[in-house]
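The values are calculated or read from the model by the stated rules, or taken from the named source; none is laboratory data. All values reported here derive from a predicted model rather than from experimental measurement. In this analysis, Cβ positions are derived from the backbone assuming ideal geometry, glycine residues included, and neighbour counts consider all displayed protein chains. For the accessible areas, the whole protein counts, side chains as well, though only heavy atoms, and no ligand, DNA or RNA atoms are used. Shrake-Rupley method; radii C 1.70, N 1.55, O 1.52, S 1.80 Å.
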Amino acid sequence: MPNRRSFQSFHPFARLGRLLDAHPPGAEPILLSIGEPKNQPPAFVAEEIAKAAATWSSYPPPRGTEAYRGACADWLTGRYALPAGMIDQAKHILPLPGSREGLFFAVVAAVQDYQLKHGNAAEPPVVLLPNPFYHVYAGSALAVGAEPVFVPATAASGFMPDYAALDAALLKRAAFCFLNSPANPQGAAAGRDYLARLIDLARRHDFVVGFDECYSEIYAETPPAGALEAAIDLGGSLDHLLVFHSLSKRSSAPGLRCGFAAGDAALIDSLDVALRVGGAGVSHPILAAGARLWRDEAHVEANRDYYRQNFALAQRILGNRFGFRQPAGGFFLWLDVGDGEAAALKLWREAGVRVLPGGYMAEPGPDGVNPGARYIRVALVYDAASTEEGLNRIVQTLGDWVGARDAEQPLAAAEG
Ligand SMILES: Cc1ncc(COP(=O)(O)O)c(C=O)c1O
């Protein structure tokens, strides 16, 4: 993607608006396009915020509070069975409004550090990202004038990018690398070995690797592996490594704006300063509510049950259509419908179902092929009744259409 691209030109929802908004929906709309949780966080969130109301007159405390950082460090230690002391809340944790802000500013910080170290190199620093990707990854690279390098994360590579296969000259210019596991949109999760190999690659080529783990708690059976576990396998150092977590999906609280980054102390310092220059902190009442959420697992298990029910519906209604598979994590279906943009338009105009064309979350590769183009992303965030209705409409509208397309284009249909 050339650096001259505007945010508007690649923002998936801006593109979706341009595709659909001129057309009336064919039925009462069901919005399966946006990955926003629809169930509620626990009632104690409002209680904690009310209790701390006297602190609204204060600026958010830099680096949050010991109570919040302690809750995050304890949660990480329990979730990933980390050795005691591996995460020091004073040095290794930074509260964030959400993972989005942290991911964006981590690139700002890493690119600045890279430029200070390398001077005015002839070629811009590189940001490595999976393709398809969460739009903030590309946006952060564009904002700082870095070169985004899109690495295919398709069925052929288990939906994970193969960064080690990149040219050494490119890896040398890398300032930052994103990994999203479990991945939006594909729902794949990286294994512990994969994560360890990526940390090792980052150390050998001296770039920062940012693990976006904001979907780590939305899974059916097996908790996805995390980068901190993989770091234990390499001796326990946090060198070159940042992980990003959030209450947005785990606790169905995206409006709270509460998460954290954890990792190498110097990288946490850089990220902290970058956020203080241009970002927002997390206020006292939100920190109080957030600390209590990180210390509670009952509501998270209830959340997982909510999504389990929706995925069971998907299994029953979709069966083996459109390459359906249960994702390892997250709440999206990534369905191979042959032409995601045409399918999204058809679903909206004929059935009132709004989904995101997969191509809007991806860039064409050097071969001109957009690795998301065949897919639609379907968010299973609504209650069971709406989800069931939405999925039934998808099957009714696309079932024969996709079958007919595949019969016409058998070779394309066989691709990953
Ligand atoms: C892959 C990915 N990362 C990060 C985020 C940002 O979430 P938040 O900033 O609410 O933590 C999202 C939200 O949709 C996402 O899909």
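Note on region 257-280: residues that are outside any helix (DSSP H, G or I) and more than 13 Å from ARG100 (Cα to Cα) amount to 3.
Scanning region 77-98 for residues that are under 18 Å from the mean Cα position of the chain (by Cα) and closer than 17 Å to ASP264 by Cα, which turns out nearest to the ligand (Cβ to nearest atom)? Going through the qualifying residues, I end up with LEU96.
Candidates are the residues of region 208-236 that are charged (D, E, K, R) and under 16 Å from the mean Cα position of the chain (by Cα); the one that is nearest to PHE178 (Cα to Cα) is ASP212. Looking at region 198-222 only, could you name the residues that are farther than 15 Å from TYR80 by Cβ and either among the acidic types (Asp, Glu) or surrounded by fewer than 18 Cβ atoms within 10 Å (Cβ to Cβ) (or both)? ASP200, ARG203, ARG204, ASP206, ASP212, ALA220, GLU221 - these are the residues of region 198-222 that are farther than 15 Å from TYR80 by Cβ and either among the acidic types (Asp, Glu) or surrounded by fewer than 18 Cβ atoms within 10 Å (Cβ to Cβ) (or both).
If the condition is being of a type outside the set (S, T, N, Q), out of contact with any Lys or Arg (no Cβ under 8 Å at 6 or more places or on another chain) and open to solvent by less than 40 Å² (accessible area, probe 1.4 Å), then region 132-149 contributes PRO132, PHE133, HIS135, TYR137, ALA138, GLY139, ALA141, GLY145, ALA146, PRO148, VAL149. Given the criteria open to solvent by 30 Å² or more (accessible area, probe 1.4 Å), in contact with a strand residue (DSSP E or B) (Cβ under 7 Å, 6 or more places away or on another chain) and either of a type in the set (Lys, Arg) or away from the ligand (no atom under 16 Å from the Cβ) (or both), does PRO29 qualify? Answer is yes for this residue. For region 400-416, the set of residues classified as within 29 Å of the chain's Cα centre (by Cα) and modelled with pLDDT of 85 or more consists of VAL402 only. Being in the same structural domain as ILE30 (by TED's automatic domain parsing) and more than 20 Å from LEU19 (Cα to Cα) is the requirement here; does GLY390 meet it? For GLY390, the condition - in the same structural domain as ILE30 (by TED's automatic domain parsing) and more than 20 Å from LEU19 (Cα to Cα) - is not met. Within region 243-262, the presence of a residue that is in contact (Cβ under 8 Å) with a residue 12 or more places away in the chain, away from the ligand (no atom under 16 Å from the Cβ) and crowded, with 22+ Cβ neighbours inside 10 Å is excluded.
No other residue among GLY187, GLY158, GLY145 is within 24 Å of TYR80 (Cβ to Cβ) and more than 16 Å from the ligand (Cβ to nearest atom) apart from GLY158. Checking region 111-120 against the condition returns no match, with no residue being within 16 Å of the ligand (Cβ to nearest atom), open to solvent by less than 60 Å² (accessible area, probe 1.4 Å) and either under 25 Å from GLY235 (Cβ atoms) or at pLDDT 95 or above (or both).
Contact annotation: no residue pair with Cβ atoms under 7 Å, 6 or more positions apart or on different chains, pairs a residue in region 220-231 that is of a type in the set (Lys, Arg) with a partner that is open to solvent by 10 Å² or more (accessible area, probe 1.4 Å) and part of a loop (DSSP other than H, G, I, E, B).
Looking at region 60-100, which of the residues that are of a type in the set (D, E, K, R) and in a helix (DSSP H, G or I) is farthest from PHE260 (Cα to Cα)? Spell out the reasoning first.
We begin by selecting, within region 60-100, every residue of a type in the set (D, E, K, R); these are 63, 66, 69, 74, 79, 88, 91, 100.
Now drop any that are not in a helix (DSSP H, G or I), which leaves 66, 69, 74, 79, 91, 100.
Details: GLU66: 13, ARG69: 8, ASP74: 13, ARG79: 15, LYS91: 13, ARG100: 10 Å.
In this case the residue turns out to be ARG79.
Of all the residues in region 100-131, those that are within 17 Å of PRO366 (Cα to Cα) and touching a Lys or Arg at 6+ places or on another chain (Cβ under 7 Å) number 1.
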